[in-house]
Amino acid sequence: MVTAKEDRGGSMVYVCLLATVAALGGLMFGYDTAVIAGAIDFLETRFALSPFWKGWAVSSVLVGCMIGAALAGPLSCFCWRPFCLPSRPSVRPYPRT
């Protein structure tokens with residue numbers, strides 16, 4: 001049994017890593033929201049969207065992001081990770097063989 005004075009073996013590096021990943025997730029969500037906010041005016045003008053369809057367009061983009069994030073982990077485990085990455089050389093972290 002672990003008492004209050006004993007060390008539980010926690011790692012500050014692990015906590016900082018988790019906080020960094022959570023902060024980056026929040027940053028990416030904010031970036032997605034800003035992109036949608038910048039594009040919605042053009043979509044509304046181009047397609048003459050009513051308020052209902054404007055809301056539908058925004059929510060479908062966010063739902064698509066959630067589905068993509070939920071499928072990314074299982075897909076990368078099912079396939080080999082490099083095959084799941086984009087094939088463009090600018091974002092590929094490994095050399096083409």
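The values are calculated or read from the model by the stated rules, or taken from the named source; none is laboratory data. Since we're looking at a predicted model, the values are computed, not measured. Neighbour counts are summed over all protein chains in view; Cβ atoms, including those assigned to glycine, are modelled from backbone coordinates with ideal geometry.
For segment 10-49, the candidate set comprises residues that are surrounded by 10 or more Cβ atoms within 10 Å (Cβ to Cβ) and hydroxyl-bearing (S, T, Y); within that set, the residue that is modelled with the highest pLDDT is T20. Looking across segment 50-77 at every residue that is assigned to a helix (DSSP H, G or I) and hydroxyl-bearing (S, T, Y), the one that is surrounded by the most Cβ atoms within 10 Å (Cβ to Cβ) is identified as S76.
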